[in-house]
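Take a look at the structure set out below.
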């Protein structure tokens with residue numbers, strides 16, 4: 001008997017994954033088939049601070065000069081000056097020394113890397129990642145909204161995690177993009193659990209869209225968190241990343257691991273034009289590819305794909321991380337609520353879209369704001385990344401950005417983003433119908449063996 005491809009795809013997942021396994025994105029995210037057959041997976045090891053590896057600074061001899069619209073940006077490892085057509089800001093700094101951000105209301109102002117200027121007052125007005133206050137802050141001292149499974153946008157699909165495309169996400173203020181990859185016939189694809197369930201195209205095409213946005217927005221640093229679902233070697237990622245056009249924008253760290261104080265300021269990254277930051281959860285090799293950073297040597301996570309609306313702020317991945325090391329590296333708060341669906345042999349986690357107005361809210365039980373406050377209290381500093389589903393829904397449009405702004409001690413006053421949260425419940429109902437059909441099919445396949 002022959003079965004539809006999608007059902008065979010689910011069967012393949014069922015035979016390959018353990019219900020207690022954490023995969024590259026953690027197999028407990030999205031759609032998962034749980035069985036009892038154990039499989040060997042990467043352990044999630046990480047580099048401890050006691051065994052720091054120093055990397056050569058690949059940016060040291062680079063001089064980048066790019067022109068965007070009416071403004072010209074130049075950068076070197078000695079000094080760098082950015083002048084903008086709005087006659088408001090001078091960003092000055094660069095190299096291994098401290099970067100100073102200064103400026104006033106005259107294009108005639110002068111500045112040096114020591115932070116002195118002939119005109120006063122010294123006020124920066126050029127936003128870095130949407131806020132002038134961020135320019136002098138270290139990358140590790142900023143809370144960013146991160147879109148969980150950013151490419152997976154599909155109407156009426158239970159496997160979707162976002163409603164708006166990546167360009168819209170970036171326009172709205174998202175600065176961290178997380179996604180799951182699958183290596184199929186020599187090409188890196190963006191698929192959710194299996195490409196038969198949701199295929200969002202190639203990694204190269206997706207990153208090409210991001211590159212186009214970054215070229216039009218030269219004052220923004222964008223972070224990529226790659227879920228290496230198939231645990232393939234890191235060299236398989238270099239071609240799609242390079243071909244996307246992002247190669248010259250890639251940031252290379254100075255050591256492994258990077259402690260909190262090791263990270264540069266946003267203005268330094270912007271002046272150098274090294275503002276595409278790449279992390280990968282498993283199989284990273286920073287000896288061979290220093291820029292493709294091992295996530296768990298730099299960033300730890302709270303429990304992934306939770307079904308617990310309490311959203312505990314405990315450290316989960318990597319396992320065994322000491323409290324001291326956890327406090328000295330960045331961390332990601334996973335705040336994407338799921339529903340557990342158990343149908344015979346099929347066990348699935350799907351986004352709980354019906355509660356998005358509570359989950360993505362600023363205040364209240366189970367809200368993103370409540371978790372961020374609790375994490376801040378527990379660890380003595382806010383999360384660096386707030387990982388959310390359907391970022392454009394909440395108790396009001398832009399609520400997730402309001403939470404980030406509160407953690408950053410800045411004012412969120414932008415217009416955002418999409419539609420009211422109620423409309424998404426229709427997607428949930430349609431998606432649930434798909435799940436039920438697939439569940440029945442998988443049970444039929446199982447019974448045939």
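Nothing in this text is a laboratory measurement; each read-out follows from the coordinates by a stated rule. Source: prediction; values computed, not measured. When we count neighbours, we look across all protein chains shown, and the Cβ atoms used for this are built from the backbone with ideal geometry, even at glycine.
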| Kirkwood estimate for region 206-256, i.e. one over the average of 1/r between Cα atoms, Å | 12.4
| task | Whole number please: convex hull volume per residue, Cα atoms of region 116-207, in Å³. | result | 135
| field | Cβ-based exposure ranking for 214, 330, in which fewest neighbours within 10 Å come first | value | 214, 330
| Taking the C-alpha atoms of region 244-354, how large are the radius of gyration and the largest Cα-Cα span, Dmax, in Å? | 17.4, 56
| task | Sorted from largest down, give the three principal axis spans of the alpha carbons of region 310-381, whole angstrom values. | result | 43, 31, 14
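How high is the relative contact order of region 239-368, in percent, with contacts defined as C-alpha pairs under 8 Å that are six or more residues apart?
Details: 182 pairs, mean separation 23.2, N = 130.
Relative contact order for region 239-368 comes out at 18 percent.
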| request: Going by C-beta contacts inside 10 Å, put 274, 247 in order with the fewest on the left. | output: 247, 274
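Can you sort 414, 275, 137 from fewest to most other Cβ atoms within 10 Å of each residue's own Cβ? Intermediate values should be presented prior to the final figure.
Values: 414 14, 275 25, 137 18.
With the fewest neighbours first, 414, 275, 137 line up as 414, 137, 275.
How far, in nm, would the chain grow between residue 212 and residue 247 when pulled straight, counting 0.36 nm per residue and subtracting the alpha carbon separation? If you can, show how the numbers build up before the last one.
On the way: separation 35, 0.36 × 35 = 12.60 nm, distance 1.27 nm.
Additional length available on full extension: 11.3 nm.
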| Roughly speaking, what is the stretch gain from residue 327 to residue 185, that is 0.36 nm per residue apart minus the C-alpha to C-alpha distance, in nm to one decimal? | 47.0 nm
| Over all distinct Cα pairs, what is the inverse of the mean 1/r for region 144-268, reported as the Kirkwood hydrodynamic radius in Å? | 15.5
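For region 305-428, report the translational diffusion coefficient in µm²/s to the nearest whole number, using Stokes-Einstein at 4 °C, 1.567 mPa s, and a Kirkwood Rh over Cα pairs. Working shown, then result.
Values: Rh = 15.4 Å.
Estimated diffusion coefficient is 84 µm²/s.
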| query | Working out 0.36 nm times the residue gap between residue 314 and residue 205, then minus their Cα-Cα distance, what length gain in nm do you get to one decimal? | reply | 35.7 nm
